[in-house]
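**Student:** The structure's right below; bear with me while I get my questions together.
The values are calculated or read from the model by the stated rules, or taken from the named source; none is laboratory data. On a predicted model such as this, the values are computed, not experimentally measured, just so you know. A quick note on method: Cβ atoms are made from the backbone with ideal geometry, for glycine too, and the neighbour counts reach across all protein chains shown.
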Ligand code: ARG
């Protein structure tokens with residue numbers, strides 16, 4: 001017998017049940033579903049809509065269902081349709097008639113909107129915790145780099161030397177913006193939809209604010225139609241996740257490149273590499289490659305969700321059931337990528353000599369020679385031209401700029417003096433002493449400032465988490 005079986009005389013078509021079922025994946029929502037039901041039951045009892053004795057029976061039954069679910073004792077066969085139905089059916093078996101009152105003033109439409117919001121709220125904070133760990137690992141990596149240099153690149157051609165730590169801090173900046181996006185979408189997720197019913201609201205004297213308080217929400221939805229049909233909080237979360245994955249893919253790509261014989265700037269810990277079944281010498285950065293590769297999946301989920309919502313008529317449509325697998329997989333994939341990236345960052349070795357040597361090579365100090373002339377008063381464009389010719393001279397004679405003699409320099413421009421011979425990468429880096437620049441003092445200050453901001457972010461996340469209800473208390477506190 002279906003929940004909705006009253007007006008049906010026959011059975012579902014064969015195949016229809018399996019095709020329509022969500023329980024194969026939405027069973028993951030069970031803790032949130034039970035939590036929502038417990039809060040709803042308490043509110044109904046407090047408002048005199050359901051007798052206290054029945055509410056107590058429902059809460060006791062939900063406790064039992066929750067412990068059965070926690071110990072994998074309930075099956076999720078397709079005929080159960082979805083997790084809401086499964087839980088209500090088991091509750092009915094356990095407590096009988098009172099269970100029939102649980103769905104008063106509620107529809108599965110506002111119920112699923114609630115469950116997904118509860119899951120997203122927690123997922124956002126979990127992702128923030130993961131990002132904070134990763135950002136701290138990156139700051140530590142920068143600190144381990146000390147005064148190590150690497151070539152900064154544009155077009156993947158050596159451009160100008162930078163501190164290794166400055167390069168690593170660029171990723172902290174990206175991830176910090178990602179954290180900001182997550183926090184921002186948290187505000188719009190933290191809104192309680194129960195009381196919207198199927199779409200129009202419910203004809204009972206319910207107290208939506210009480211339900212919201214019990215579940216630790218900051219506010220309630222303002223329009224019942226929007227409340228059951230809105231999934232843009234899911235799109236926002238997955239969009240933030242897609243961008244995190246995209247940032248991780250850039251970092252992963254650099255780990256792959258940097259650990260090649262060609263670059264050789266870092267060595268990944270053996271524990272995060274694998275061998276080849278054929279070539280005995282190989283040590284492959286598979287995990288970094290997988291982080292790069294999994295990004296495609298997360299991006300795909302974002303596009304799937306946008307396409308799902310496009311042109312969908314108000315209010316609830318079953319299409320919305322398709323949001324879950326995309327959401328769950330995006331959340332799991334990004335959490336896994338952030339976790340493994342953190343471990344790789346913590347365990348990798350920096351090959352300081354090799355990186356610092358590369359930083360000074362391939363004419364990466366050419367801009368500094370041009371800047372030298374510009375500081376002596378000639379327009380930068382002219383200086384650029386002159387140094388370009390010096391680079392040609394070096395190329396012809398197989399040398400670097402710092403190997404040119406003073407005679408050769410003054411031949412190109414009389415403005416060159418003794419101090420222009422042997423401009424060093426260290427000097428070039430120290431000279432970039434502007435806010436946001438790679439001079440050591442600036443980079444150290446940036447690192448300290450980032451650590452302080454991470455401390456604040458951590459505090460903010462833990463405060464938000466404190467608002468979460470405890471499932472145990474919602475089920476067992478006296479009514
Ligand atoms: N399994 C459904 C979903 O994921 C739950 C809501 C079903 N509502 C309904 N009227 N069929 O969206």
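**Student:** If you go through segment 9-55 one residue at a time, how many are free of Cβ contacts under 8 Å to residues at least 40 places away in the same chain and within 14 Å of the ligand (Cβ to nearest atom)?
**Tutor:** 3
**Student:** Does segment 101-133 hold any residues that are within 16 Å of the ligand (Cβ to nearest atom) and not in a helix (DSSP H, G or I), and which are they?
**Tutor:** 102, 103, 105, 106, 107
**Student:** Now a separate question. Mind counting the residues in segment 283-309 that are closer than 19 Å to residue 251 by Cα and in a helix (DSSP H, G or I)?
**Tutor:** Counting residues in segment 283-309 that are closer than 19 Å to residue 251 by Cα and in a helix (DSSP H, G or I) gives 14.
**Student:** I would also like to ask the following. Any idea which of 312, 327 is outside any helix (DSSP H, G or I), touching a helix residue (DSSP H, G or I) at 6+ places or on another chain (Cβ under 8 Å) and within 16 Å of the ligand (Cβ to nearest atom)?
**Tutor:** Every option except 312 fails the conditions.
**Student:** (1) more than 16 Å from the ligand (Cβ to nearest atom); (2) in a helix (DSSP H, G or I): which one isn't true of residue 279, the others all being true?
**Tutor:** In the conditions (1) more than 16 Å from the ligand (Cβ to nearest atom); (2) in a helix (DSSP H, G or I), residue 279 misses (2) alone.
**Student:** Pairs please, first residue from segment 101-116 and on the phi < 0 side of the Ramachandran plot, second anywhere and surrounded by fewer than 24 Cβ atoms within 10 Å (Cβ to Cβ) and modelled with pLDDT under 95, Cβ atoms under 9 Å, 6+ apart in sequence or on different chains.
**Tutor:** 103/3; 108/3
**Student:** Now for a separate question. Filtering segment 78-99 down to residues that are in a helix (DSSP H, G or I) and over 15 Å from residue 65 (Cβ atoms), which residue is nearest to the ligand (Cβ to nearest atom)?
**Tutor:** The selected residue is 78.
**Student:** Looking only at residues in segment 146-164 that are outside any strand (DSSP E or B) and over 26 Å from the mean Cα position of the chain (by Cα), which one is farthest from residue 401 (Cα to Cα)?
**Tutor:** That would be 146.
**Student:** Is it the case that some residue within segment 139-148 is within 16 Å of the ligand (Cβ to nearest atom) and crowded, with 23+ Cβ neighbours inside 10 Å?
**Tutor:** Looking for residues that are within 16 Å of the ligand (Cβ to nearest atom) and crowded, with 23+ Cβ neighbours inside 10 Å, one finds none in segment 139-148, hence no.
**Student:** Looking at segment 75-95, I want the residues that are under 20 Å from residue 318 (Cβ atoms) and in contact (Cβ under 8 Å) with a residue 60 or more places away in the chain and have a partner that is in a loop (DSSP other than H, G, I, E, B) and within 11 Å of the ligand (Cβ to nearest atom) with Cβ atoms under 6 Å, at least 6 apart or on another chain. Which pairs are those?
**Tutor:** 78/21; 81/21; 82/22; 85/3
**Student:** Before we move on, is residue 356 in a loop (DSSP other than H, G, I, E, B) and over 30 Å from the mean Cα position of the chain (by Cα)?
**Tutor:** It is false that residue 356 is in a loop (DSSP other than H, G, I, E, B) and over 30 Å from the mean Cα position of the chain (by Cα).
**Student:** Do we have any residue at all in segment 56-68 that's in contact (Cβ under 8 Å) with a residue 12 or more places away in the chain, within 30 Å of residue 461 (Cβ to Cβ) and surrounded by 19 or more Cβ atoms within 10 Å (Cβ to Cβ)?
**Tutor:** Looking for residues that are in contact (Cβ under 8 Å) with a residue 12 or more places away in the chain, within 30 Å of residue 461 (Cβ to Cβ) and surrounded by 19 or more Cβ atoms within 10 Å (Cβ to Cβ), one finds at least one in segment 56-68, hence yes.
**Student:** Let me ask something else about it. Which condition number in (1) more than 16 Å from the ligand (Cβ to nearest atom); (2) touching a residue at least 40 places away in the same chain (Cβ under 8 Å); (3) not in a strand (DSSP E or B) is the one that residue 167 fails?
**Tutor:** Looking at each condition in turn, residue 167 falls short on (2).
**Student:** List the number of the failed condition for residue 31; all other conditions in (1) within 30 Å of the chain's Cα centre (by Cα); (2) buried (at least 21 other Cβ atoms within 10 Å of the Cβ) hold.
**Tutor:** Unmet condition: (2).
**Student:** Another one. Identify all residues within segment 170-201 that are in contact with a strand residue (DSSP E or B) (Cβ under 9 Å, 6 or more places away or on another chain) and either surrounded by fewer than 23 Cβ atoms within 10 Å (Cβ to Cβ) or in a helix (DSSP H, G or I) (or both); write none if there are none.
**Tutor:** Passing the criteria: 190, 191.
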